[in-house]
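**Q** My questions will all concern the structure given below.
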Amino acid sequence: MDLSYTPEEEEFRVRLREWLAKVLPALPAKPSPDDWPGRRAYDLGWQRMLYDAGYADVHWDASPTTRLIFLEETEKAGAPYVGANFVGLLHAGPTIAAEGSAGQRARWLPPILRGDEVWCQGFSEPDAGSDLAALRTRAWRDGDDYVVSGSKIWTSHAEVADWCELLVRTDPVAPRHRGITWLAMPMDADGITVRPLRTLAGSAEFAEVFLDEVRVPVANRVGAENDGWRVTMVTLSFERGTAFVGEVVACRRVLGELARAARENGRWDDPVLRGRLGRLNAEFRALWRLTQWNVSEAEASGGVPGVGGSVFKLRYSHARQELYDAAAEVLGPDSLDLDRPWVLDRLSSLSYTIAAGTSQIQRNIVAERILGLPKGR
């Protein structure tokens, strides 16, 4: 498999670097992490700048390799992260682009690209997290609408979202994976209650969402009724396949900063720490190569990442935790100071073996779909 870049792709990289160097110094200061209306406005403003410059469509209209270059270069340059646009740009948008009708693509994709609308993800439930197919939020037909009742948890950016990619059970007697439907729910509909959840790091990126007979038009269904599990696998393939690309670049940068800090404070003299940082360097270099391989595979198969994303997600989650454990060693007693660099990142890293599919689920996917091992009984 050829992992090199074409002349056209390298030309795109040069143009993007030049544009980033021009616009990033003029950006306003980032709002406080607790100011979600301000964060929404900041993130949407950045997305509008990308749109006006012709870079907004890289998340689904460009080739996977172009998307990889974009994520690599924006992270290296310190450009704003997608933030509140995470679900729309990296989950719902690519799914609608791959599975939605022409009318759905025309309705929902341009506002995401322009930075007009924010999406949240309504997948997990209190009793259906890792076992997502156990979800119990019900939807039944009433004329041209579905009527939805139930609850969701860990709903990213729900407090500032305009739309929710929502999984519901439309056939309670069908086998678990066959009675699920993927809906786009407007967050201003009657019957929706949002309660933010505060994380260990003190932020509130997630919320509980309670649905009390919420009416969602049948026209908002992506894919066929009861075919939502297949559509969901498309969503999760993007979530696990390309959504973490920028974070790998960030981790490689943090690793270099850790090495410099260790040299400055004397901890570099510890051979065990040096060996740990060296192994992490090899780990993240390998993860970057795996990312390139997954992107090349996606390009050859129509643009949708394959199950190789689960291999990446499994190893990356643990490598990120190991990176910030190493940061605690470098910081020493200062690793308990929440105002120090890397401390909050260490707390947030604990969620990575749970978010976007637990490591146990990823191991099952690798065992069954890649290695061909039998399912457990």
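**Q** Quick check for me: using +1 on Lys/Arg Cβ and -1 on Asp/Glu Cβ, what's the dipole size of the range 119-226 about its Cα centre, in debye to the nearest 20?
**A** The calculated dipole for the range 119-226 is roughly 360 debye.
**Q** What spacing in nm lies between the two simple spin-label points modelled at residue 350 and residue 53, each 7 Å away from Cα in the Cβ direction?
**A** Rounded to a tenth, the inter-label distance reads 3.7 nm.
**Q** Quick check: at a probe of 1.4 Å, how many percent of the accessible area of the range 119-226 sits on carbon and sulfur atoms?
**A** That share works out to 47 percent.
**Q** Okay, moving on. Please state the equivalent ellipsoid semi-axes for the chain: what are the square roots of 5 times the Cα gyration tensor eigenvalues, largest first, in whole Å?
**A** Semi-axes, largest first: 34, 24, 22 Å.
**Q** Another question, then. If you take every residue apart from residue 210 with its C-beta less than 10 Å away from the C-beta of residue 210, what net charge results, scoring Lys and Arg +1 and Asp and Glu -1?
**A** Net charge around residue 210: 0.
**Q** Quick check for me: using +1 on Lys/Arg Cβ and -1 on Asp/Glu Cβ, what's the dipole size of the chain about its Cα centre, in debye to the nearest 20?
**A** My answer is approximately 940 debye.
**Q** Can you tell me what the convex hull of the Cα atoms of the range 1-46 projects to on average, as an area in nm²?
**A** Its average projected convex-hull area is 5.2 nm².
**Q** Calculate how steeply helix 7-23 sits against the longest principal axis of the alpha-carbon atoms of the chain, using the helix alpha-carbon long axis, and give the answer as 0 to 90 degrees to the nearest 10.
**A** 80
**Q** Then there is this: Less than 11 Å Cβ to Cβ from residue 186, Lys/Arg counted +1 and Asp/Glu -1: what total charge do the surrounding residues give?
**A** My count for the surroundings of residue 186 gives -3.
**Q** Here's another thing I want to ask about it. Using alpha carbon coordinates only, what is the Rg to Rh ratio of the range 116-172, with Rh defined as the Kirkwood radius?
**A** Looking at the range 116-172, the ratio lands at 1.00.
**Q** Summing +1 for each Lys or Arg and -1 for each Asp or Glu, what net charge is found among the other residues whose Cβ lies under 12 Å from the Cβ of residue 44?
**A** 0
**Q** Which of the lysines could a cross-linker bridge to residue 313, judged by Cα under 24 Å and excluding same-chain residues fewer than eight apart?
**A** 76, 152, 375
**Q** Oh, and also: Once you have all Cα-Cα distances for the range 7-114, histogram them in 10 Å bins from zero and send the whole-percent values.
**A** Binned Cα distances yield the sequence 13, 45, 33, 9, 0.
**Q** Go ahead and estimate [θ] at 222 nm for the chain from helices alone: -39,500 (n - 2.57) per DSSP H run with n ≥ 4, summed, over the residue count, rounded to 500.
**A** The per-residue figure over the chain is -15000 deg cm²/dmol.
**Q** Could you work out how much longer the chain between residue 264 and residue 107 gets when fully extended? Use 0.36 nm per residue separation minus the Cα distance between them, nm to one decimal.
**A** Full-extension gain reported as 51.1 nm.
The values are calculated or read from the model by the stated rules, or taken from the named source; none is laboratory data. Being a predicted model, the structure only gives us computed values, none of them experimental. Neighbour counts run over all protein chains shown; Cβ positions are idealised from the backbone, glycine included. Surface areas here come from the heavy atoms of the whole protein model, side chains and all, with no ligands, DNA or RNA. Shrake-Rupley method; radii C 1.70, N 1.55, O 1.52, S 1.80 Å.
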